[in-house]
Amino acid sequence: MRRISPLPLLAFFLFSVFLGCTDEEATPTPPPRRPNVVFILADDLGYSDLGCMGSDFYETPNIDALAAMGATFVNGYANCQVCSPSRASLLTGQFATAHGITDWIGARAGTDWTSAGRHDMLLPAQYVRALPDSLTVLSEAFRGAGYRTFFAGKWHLGGQDSWPTDHGFEVNVGGYDSGSPRGGFFDPYDNPNLPDRRPGENLSLRLARETADFITQHRDTSFFAYLSFYAVHAPIQSTREKWDKYRKKAIARGIEDQGFAMERVLPYKLYQDQPVYGGLVEQMDDAVGIVLDTLRAQGLLENTIIVFTSDNGGVVSGDGYATNLRPLRGGKGYQWEGGIKVPYIIYAPGTTVGGSRPEATVTGADLYPTLLDLAGLPLRPEVHHDGTSLAGVIAGDSLPQRELVWHYPHYGNQGGEPSSILRRGEWKLIHYYEDGRNELYHLASDPGEASDLSGKETERAATMYASLLDHLNRRQARLPTSDPTYSAAARQRVRDRYRDELMPWLEAQRKARYEADWEPNADWWGSQPD
């Protein structure tokens, strides 16, 4: 009998096994790519400056569409009433008492305050003037996980040794020391990290297009893109066309006889009726639309987490006297809700319930752990120790009550006072450093902070103040000191001028903007080049 070699039988067996395999068994499916992240940060955009947040004057269809896809936190807060501290908190997951940046970088402190002709009772505290390089910030965490990282727009977290590329961003378009657009909102920009391209080009649109280009170029990789607008910070500028649109809208609604009233220090704006500011807000919304359209066109929307928020409240006093945030009191620079409460939107495909409005009280410090969690990356609690992941909250879970702290031992250019804040549940305590008094508000029943309850709720005020002091002492927070040269009479003369001279001038400027032939200059800040 002829013997049969075992090799053909073995080959036949292996071939049969191969034929019985599915493609999936033969070639394992690679794990899904990690989600992309697009972080959009507005500058000085107030809580109610969006259509989705209640404005019936400003038009923001693109941001409203994002809110309809994602979760809009109705109790979303920045971590300070001015920009640099909040921006540091977004990248570190820490309160200002931890990272030490307690004022906008460049603000005067100590005796330098009086050298600028200030007449205040206290000398503002010293503060850290650059994002600490000892911390692994949000961008570095994503870059360390293999993400391509990109930054565009306003930085304001330190000088040349502390620019975005020193903190984990591979690309930096337009970020440097300045907290405002030195060249205004139209090319030429006067920005060392943003080459001029076309006279009259809008800054917000330029930054969005740069972001869109990065997204397109890296569509096949996981990326972390941080679009940080200079808008809607002063100078308040727009095009003739957008100004005219909002001028007509304001006239159709009816122009109030009085547009300003006095707060404790400065006049504040009573209405959302500034037509140039309306155009500036809409131009930023147009820019957000460019980014969203690019994500859709590249097929990336279903694999991209998007955050939209602001670094502090809108400007009701000082700067450009741009908006009103009713029913909230105050705005940028102030210790009241208008200074720290902001739009706060998260879109996470497959997790967020579109159009949901969670009521959990959250801050910018929560976004560091939230984005790591949503991206499936390890948390870094040793860094973002003041933040809590909101991944469960946007899926419908509750958030345990916690205490939140704000520390601003400075005078705001907009009229705010040196103070620290503690929020516990629906209660908010403000401690003032000039005279040591406390104010206590029940925000659920009094969102406008009209009724100070510290005299009635004495035990609650005392326990909250003790908790605030404990936090400040544990963090060794810096405090303002007395100014030995303080003159109450000199201070009062300044404040009298604010009431008697500044407020009438603001009223005249306000009414002039509604005139059909009003022109700020010959070429609308360079938006209409020859």
- Item | Kirkwood hydrodynamic radius over Cα pairs of the range 35-83, then Stokes diffusion coefficient at 37 °C and 0.692 mPa s, in µm²/s | 268 µm²/s
- In this structure, the FRET efficiency calculated for Glu459 and Val74 from their beta-carbon separation, with R0 = 22 Å, to the nearest 0.05, is 0.15
- Note on the structure: Of the candidates Val82, Gly425, Tyr514, the farthest towards the positive dipole end of the chain (Lys/Arg Cβ +1, Asp/Glu Cβ -1, centred on the Cα centre) is Gly425
- Task: Hey, can you grab everything whose amide H is under 5 Å from the amide H of Gln335? Only 5+ residues off in sequence or another chain; H modelled, so Pro and N-termini drop out.
- Result: Glu417
- Give me Rg over Rh for the range 350-468, both radii from the alpha carbons and Rh done the Kirkwood way, two decimal places. 1.04
- Task: Only bridges with both residues in the chain count here: give the DSSP antiparallel percent, nearest 5.
- Result: 55 percent
- Item | For Cys80, residues with placed amide H under 5 Å, excluding near neighbours | Ser86
- Item | Solvent-accessible area per residue, Å², over the range 314-434 with all protein chains present [probe radius 1.4 Å] | 28 Å²
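At 1.4 Å probe size, with the rest of the protein present, what percent of the exposed accessible area of the chain is carbon and sulfur atoms?
51 percent
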- Message: For Glu403, project a label point 7 Å along Cα to C-beta. Then give me every residue of the range 69-100 with its amide nitrogen under 15 Å of that point.
- Response: 95, 97-98
- Query: For the range 421-463, what value does the Rg/Rh ratio take when both radii are computed over Cα atoms and Rh is the Kirkwood radius, given to two decimals?
  - Reply: 0.93
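So which of Lys154/Lys341; Lys341/Lys511; Lys242/Lys332; Lys269/Lys332; Lys249/Lys269; Lys154/Lys245 end up more than 22 Å apart, counting from Cα to Cα?
Lys341/Lys511; Lys242/Lys332; Lys154/Lys245
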- Note on the structure: Rg/Rh of the range 457-517 (Cα atoms, Kirkwood Rh), to two decimals, equals 1.30
- With labels modelled as points extended 7 Å from the Cα through the Cβ direction, what inter-label distance (nm, one decimal) is found for Glu241 paired with Gln126? 5.2 nm
- Estimated vicinal HN-Hα couplings, Hz - the range 403-409 in sequence order (Karplus 6.51, -1.76, 1.60; Gly, Pro = x): 9, 10, 10, 10, 9, 9, x
- Task: Any chance you could list the semi-axes, whole Å, largest first, of the equivalent ellipsoid that the Cα gyration tensor gives for the chain, using √(5λ)?
- Result: 46, 29, 21
- Label-point separation (nm) for Lys248 and Arg296, each offset 7 Å from Cα along Cα-to-Cβ? 2.6 nm
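The values are calculated or read from the model by the stated rules, or taken from the named source; none is laboratory data. Because the structure is a prediction, the values reported are computed rather than measured. With ideal geometry, Cβ positions are generated from the backbone for all residues, glycine too; neighbour counts draw on all protein chains shown. Surface areas here come from the heavy atoms of the whole protein model, side chains and all, with no ligands, DNA or RNA. Shrake-Rupley method; radii C 1.70, N 1.55, O 1.52, S 1.80 Å.
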